[in-house]
Structures are given as C-alpha cells and as structure tokens.
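K.L.:
Next up is a structure, given as structure tokens.
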Amino acid sequence: MITNDALTGEALFKHVQVLADDIGPRPAGHPQEEQARHYVRGQLERIGITDVETIPFDTIDTWGYGLISSVGVGLIGNLIGNRIIGGGLALLGLREHFATLTAQDNLLNPLFPKRKGGTVIAKIAPKGDVKHKIVLIGHVDSNKHRKSFVPQGKKLLLPASTAMTAGLSINLWALLTGKQSLRRVAGGLLGFALWRLIQDERDDYIDGANDNASAVACVLGLGEYFAQHPLAHTEIWLAFTGSEEVGLKGLHALLDRYEDDLRDAWWIDFEMVGAGDIGYVTRHSSLNYLTAYHPHEEMVAIAQKVAEKHPEWGIKGTPMTILEETLPLRQKGMRAMCVVGIGEDGWLVNWHQHDDHSDNIRPESLQKAAHFVLAMCQEIDNM
Ligand SMILES: [Zn+2]
C-alpha cells in the first residue's frame, strides 16, 4: 500500500472529525452545509489547488417535500372524487412520486420553501496532455434520523415505497373508472402512507460522519495526493456536492454546467466508506422495486481488475440497497459507479441513523476506499 500522508486513515479521519464533530449535522441549504464547503475550500487552498469554483443553486432541505406532496395531492384527488379534477390530481401525484424516486424535478417544486445550496468543484491538471477525465464525488450534506431506516424496519423500505406506488396507481384507476370501493381502498392506503411519511420527518438531522463526511475526506485526501503526484494524462475533478440527500441537486447543478465537458469522463462516487468492508456496487436497488439502476460496465470491469490485483484489500462487487449520485449519470448513459462501505448485514452502516457519528468511523475503511480509488485512477490513466 502506498504510504502517502494525505491518504492514511488518521489523516482522512481528521477531515471526518471537523465535518461531523466540529461542524456537525449539515442539512441541505443550512449554514452548517455552507460551513462544510468553507472548510473544503480552505483545505483545497492549503493543498495548493487553485482551480476551484462553487456552483450555487436553490434547494429544499428535506426529501419529504417531494414524497409528502405526491401522496397529499393524490389523497386530495381521492377526496374530490370526480374523474376530471380528482383523476388529474391522482395523475399528478403518481408523476411526482416517480420524479422524487428518480431524483427528477418535481412540478410542485416552485411551491417548496428554498434555501441556498452549492457544489464545490476543483480541477487538477495532469503532467501531459489530457486524454481522460475522472470525477471523484462526495456529498457534503447530511440527512435526518429516519424511523423508516431503523435496523428492525429498514427491510420494509422497498416494499413500503412500492406499496405507495401501488396506492397511487390504484387511486388513479379508481378515479378514472369511478369504482367507489377501489377509491376507498386507495384513500386508506394513501392516508396511511401520508401519516408514515410525516412521522419520518420528525427527527433531527444527524452528524453524517459516515454519510457522507467519509466521502468528502477521501476526495480531499485524493486531491492532496494528485496535487503532489499528478497523473500522466488524466485530469482529476473533485466534486463536493451539496443537497444530495434531497434529490441529488448538487450533482444536477454540476451536470447543468459541465455535462458537455464531462460526457466522456469516468465518474466515481463515494458513499459511506467510513465503516465496514469496502466494495463497489453492481446493482443499485434505489428505494423502490421499480426504479433499480446499474453502474457502467466499463467502470465495473476496472474496479474488478483493481480488486483482483489487490486481494489483500478484500474488495468485492455487490448489489446494494442504495440510491446515490450514480443515478443521474446513468440516466444519461455516462461511465459512473459507486464505492461503498458494506456492513456485516450487507447494508450501509448506520444509514440515516443517530448512530452515524464519528465514534463509529473506522479509519482503516477510509484508507482502503481511498487507496482502492487511487489504484482505479492509475489504471484509467494507463489506458
Ligand atoms: Zn449519502
């Protein structure tokens, strides 16, 4: 293993402590998220990276706006009951539900209260001419503690979300056909879903040491490494995205500005690499049975090759229950994949739970993730 100071577990863990302990919870668009960006920019300056910019955008501060409004609109349609207005609202509810699940824009988005979000981008030039571009992604914001993600209940996440899809679909069908018994069933399902979604919003934001200060730490560490040891022909982009937890808004802002420049780039997203075994995701479940997605096969092949070269790291490819920033990239056919920490139960460790604080971070996981991605970058540079 390369012993570079910036990529030791201890050095990476220090970034996690600043973000998760000193700054603490970083809700999308709140001052603490901006403090985290301020820390990132300060570190980039210290490292000597000068090609840095912050892309601003408007953001909501919880995913609940999209989920609750979609069910709420469907339920209002159900109560109105007629085919034109009720059916129209039921259709809107179903449309908004899928938009939220796949991180697309909500039509109702203009109605939600907004805050100022941002994504910090930094670029590191190679020694020679640019043949490849690699974008390393880590999101800065943190989510809430979610009752739906508790260890005893998280296995119901996908069934419950898919039941919500069924409820909204039955609702639309009942209103269009005028079947009153079906309408009552849909109304009951949507009422229950609405109650559950509101309960899920009532807890505080979490420190997000694993989700996703661990990723920011790795991207900073790799930035420091590449600033000292530029690759031969690969330009490295560091993307510290905001508002990931509320619909991947920080990555969308990056794509809005740089999609053309980065069409042929290689994208590696870090998610929760501060605990558990390190691996790469071969199938992303998302949070619904109908919206799974896959990483790009060329990325998976490189990850597999690097893992085989370094059996001592014990890195494996695995399907995961996860929704992250690879999604909009794959929707556009881009070369993206995600590196994760895998818990003993096969799930992300302390996902959206109060236990996601720095005491539960393992520096050796951070170090392994950073070195794995470093080896992948070198592999790409040699192609
Ligand atoms: Zn995350």
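K.L.:
One residue is enough: does the range 281-293 have a residue meeting the conditions closer than 20 Å to residue 364 by Cα and in contact with a Cys (Cβ under 7 Å, 6 or more places away or on another chain)?
P.N.:
Scanning the range 281-293 turns up at least one residue that is closer than 20 Å to residue 364 by Cα and in contact with a Cys (Cβ under 7 Å, 6 or more places away or on another chain).
K.L.:
Can you pull out every residue in the range 96-126 that is small (Gly, Ala, Ser) and part of a helix (DSSP H, G or I)?
P.N.:
The one that is small (Gly, Ala, Ser) and part of a helix (DSSP H, G or I): 99.
K.L.:
Follow-up. Go through the range 255-270 and count every residue that is more than 16 Å from the ligand (Cβ to nearest atom) and either closer than 18 Å to residue 235 by Cβ or surrounded by 15 or more Cβ atoms within 10 Å (Cβ to Cβ) (or both).
P.N.:
Qualifying residue count, the range 255-270: 11.
K.L.:
Then there is this: Suppose we filter 277, 269, 264 for residues that are within 18 Å of residue 364 (Cα to Cα) and among the charged types (D, E, K, R); which single one remains?
P.N.:
When all the criteria are applied, what remains is 277.
K.L.:
Can you work out which of the residues in the range 278-296 that are out of contact with any helix residue (DSSP H, G or I) (no Cβ under 8 Å at 6 or more places or on another chain) and within 30 Å of residue 8 (Cα to Cα) is surrounded by the most Cβ atoms within 10 Å (Cβ to Cβ)?
P.N.:
Of everything passing the filter in the range 278-296, 279 is surrounded by the most Cβ atoms within 10 Å (Cβ to Cβ).
K.L.:
Now for a different question. Quick check on my filter: what residues within the range 328-342 are surrounded by 24 or more Cβ atoms within 10 Å (Cβ to Cβ) and hydrophobic (A, V, I, L, M, F, W, C)?
P.N.:
329, 336, 337, 338, 339, 340
K.L.:
Still on this structure, I have one more. Suppose we filter the range 95-126 for residues that are over 28 Å from residue 268 (Cβ atoms) and crowded, with 24+ Cβ neighbours inside 10 Å; how many remain?
P.N.:
Going through the range 95-126 one residue at a time, the tally reaches 2.
K.L.:
Limited to the range 232-247, what total is found for residues that are in contact with a helix residue (DSSP H, G or I) (Cβ under 6 Å, 6 or more places away or on another chain) and closer than 15 Å to residue 331 by Cα?
P.N.:
The qualifying residues number 0.
K.L.:
If you don't mind, there's one more thing I want to ask. State all residues of the range 95-134 that are without any contact (Cβ under 8 Å) to a residue 60 or more places away in the chain, in contact with a Ser or Thr (Cβ under 9 Å, 6 or more places away or on another chain) and among the charged types (D, E, K, R); if no residue qualifies, say none.
P.N.:
95, 96
Read-outs: derived from the displayed coordinates by stated rules, not from any lab. Predicted model, so just to flag it, every value in this text is computed and none were measured. So basically every Cβ, Gly included, is an ideal-geometry build from the backbone, and we count neighbours across all protein chains shown.
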